[in-house]
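Asker: Structure provided below as structure tokens; questions to follow.
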């Protein structure tokens, strides 16, 4: 009996080490480990809890190992953030939201629910993704509930799936190119003059890992080639976006569905341009934004992000509600004049 209890603790300890490695491994060398970043946390948290229970019948050293595994899982692996609020002035509330507008057209009150989510947080600047149906529905008429809320005392720029709306005038809005394997794909940038600062607002929706994940899940080893191709395409796309960001002068705030957690090479590539994650900077907890439509309302991935220049302060950051979209919005209170 003790042999099986000890084996449980050992196996869980090895698994936790692999989970940690999956967050720091070079994806081009070990693409399979990167899949770990998309595993729902109950799949590995429950075995860790079993190991803690098993260690209760063992010596103190075994209990210590199991408890360390639990602590590492709850913090490092699951992405707990210990942010602290910056000080400063020039407050701007920024919100990014993948509204999945095409799904909202399929249910009664879908656009009203999205509108309510935005109204609840009263952002000064909003960036939306997957908002292609915002301007016109299937019958060609505006989606009044959401459109009116977004346009309420805000100037709006919309192109394709993207919407940028600001309480201050928008300037120099344009689409940038981040093509994937010869197929066009873009992001949007606008400038906003606010509190004496020219703020570069960027919104982007990066390539989804869905096809690669499904291939790996359904086909096992045979699907790894599809996953690797998907992963490399997203890294290439992120590299192109990073080049655009490095050419921008002045402070930047980027909001979007990056389809990757913060520890991933995708997000780290963007952070290496001099940005920081707003939630990690000033939020607390996990801030998960996706997965609640898969696990009965339980979000388990933080793939929607607000990234800001390091000269911008963040006084608070949090995720919104789960009702209106498959993605929870991310809201951050920014301080354009950060107190050093």
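Asker: Taking into account only those residues within segment 54-67 that are in contact (Cβ under 8 Å) with a residue 40 or more places away in the chain and surrounded by fewer than 18 Cβ atoms within 10 Å (Cβ to Cβ), which is farthest from residue 17 (Cα to Cα)? Quick ask: steps written out before the conclusion?
Answerer: Our first condition is that a residue be in contact (Cβ under 8 Å) with a residue 40 or more places away in the chain; within segment 54-67, this holds for 54-55, 57-58, 62, 65-66.
Subset that is surrounded by fewer than 18 Cβ atoms within 10 Å (Cβ to Cβ): 57-58.
Values: 57: 23, 58: 21 Å.
Across segment 54-67, the extreme among qualifying residues is 57.
Asker: Just need a number here: residues in segment 253-267 that are more than 12 Å from the chain's Cα centre (by Cα) and surrounded by fewer than 23 Cβ atoms within 10 Å (Cβ to Cβ).
Answerer: If we filter segment 253-267 for residues that are more than 12 Å from the chain's Cα centre (by Cα), which is where we start, we get 253, 265.
Then drop every residue that is not surrounded by fewer than 23 Cβ atoms within 10 Å (Cβ to Cβ), which leaves 265.
Counting residues in segment 253-267 that are more than 12 Å from the chain's Cα centre (by Cα) and surrounded by fewer than 23 Cβ atoms within 10 Å (Cβ to Cβ) gives 1.
Asker: Do we find a residue being part of a helix (DSSP H, G or I), surrounded by 16 or more Cβ atoms within 10 Å (Cβ to Cβ) and in contact with a helix residue (DSSP H, G or I) (Cβ under 7 Å, 6 or more places away or on another chain) anywhere in segment 75-86? Explain how you work it out, then say what you get.
Answerer: Start the filter on segment 75-86 by keeping residues that are part of a helix (DSSP H, G or I), which leaves 75-77.
Filter again for surrounded by 16 or more Cβ atoms within 10 Å (Cβ to Cβ), leaving 77.
Then drop every residue that is not in contact with a helix residue (DSSP H, G or I) (Cβ under 7 Å, 6 or more places away or on another chain), which leaves 77.
Scanning segment 75-86 turns up at least one residue that is part of a helix (DSSP H, G or I), surrounded by 16 or more Cβ atoms within 10 Å (Cβ to Cβ) and in contact with a helix residue (DSSP H, G or I) (Cβ under 7 Å, 6 or more places away or on another chain).
Asker: OK, next. Got a sec? Which strands (runs of 3 or more DSSP E) wholly within segment 142-244 have at least 3 residues that are under 22 Å from the mean Cα position of the chain (by Cα) and on the phi < 0 side of the Ramachandran plot? Write out each step before concluding.
Answerer: Numbers: elements: 155-159, 162-166, 170-177, 186-194, 197-205.
Answer list for segment 142-244: 162-166, 170-177, 186-194, 197-205.
Asker: Need the failing condition index for residue 117 against (1) surrounded by 16 or more Cβ atoms within 10 Å (Cβ to Cβ); (2) touching a residue at least 12 places away in the same chain (Cβ under 8 Å); (3) touching a helix residue (DSSP H, G or I) at 6+ places or on another chain (Cβ under 6 Å), just the number.
Answerer: It fails just one condition, (3).
Asker: So, in segment 316-340, exactly how many residues are part of a loop (DSSP other than H, G, I, E, B) and farther than 22 Å from residue 109 by Cα? Before you say what the answer is, go through the steps one by one.
Answerer: Step one: filter segment 316-340 for residues part of a loop (DSSP other than H, G, I, E, B), giving 320-326, 328-329, 339-340.
From what is left, the residues that are farther than 22 Å from residue 109 by Cα are 339-340.
Of the residues in that region, 2 qualify.
Asker: Of the residues 92, 99, which is touching a strand residue (DSSP E or B) at 6+ places or on another chain (Cβ under 7 Å) and more than 30 Å from residue 232 (Cβ to Cβ)?
Answerer: Working: 99 fails: more than 30 Å from residue 232 (Cβ to Cβ).
The conditions single out 92.
Asker: Something else about it: Among residues belonging to segment 211-252 that are within 20 Å of residue 37 (Cα to Cα) and in contact with a strand residue (DSSP E or B) (Cβ under 6 Å, 6 or more places away or on another chain), point out the one that is modelled with the lowest pLDDT.
Answerer: 233
Residue by residue, here is whether (1) in the same structural domain as residue 205 (by TED's automatic domain parsing); (2) crowded, with 22+ Cβ neighbours inside 10 Å; (3) in a strand (DSSP E or B) holds:
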{"site": "270", "(1), (2), (3)": "yes, yes, no"}
{"site": "273", "(1), (2), (3)": "yes, no, no"}
{"site": "294", "(1), (2), (3)": "yes, no, no"}
{"site": "297", "(1), (2), (3)": "yes, no, no"}
{"site": "308", "(1), (2), (3)": "yes, yes, yes"}
{"site": "314", "(1), (2), (3)": "yes, yes, yes"}
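The values are calculated or read from the model by the stated rules, or taken from the named source; none is laboratory data. Since the structure is predicted, the reported quantities are computational estimates derived from the model, not experimental observations. All Cβ positions, glycine included, derive from the backbone under ideal geometry; neighbour counts span all protein chains shown.
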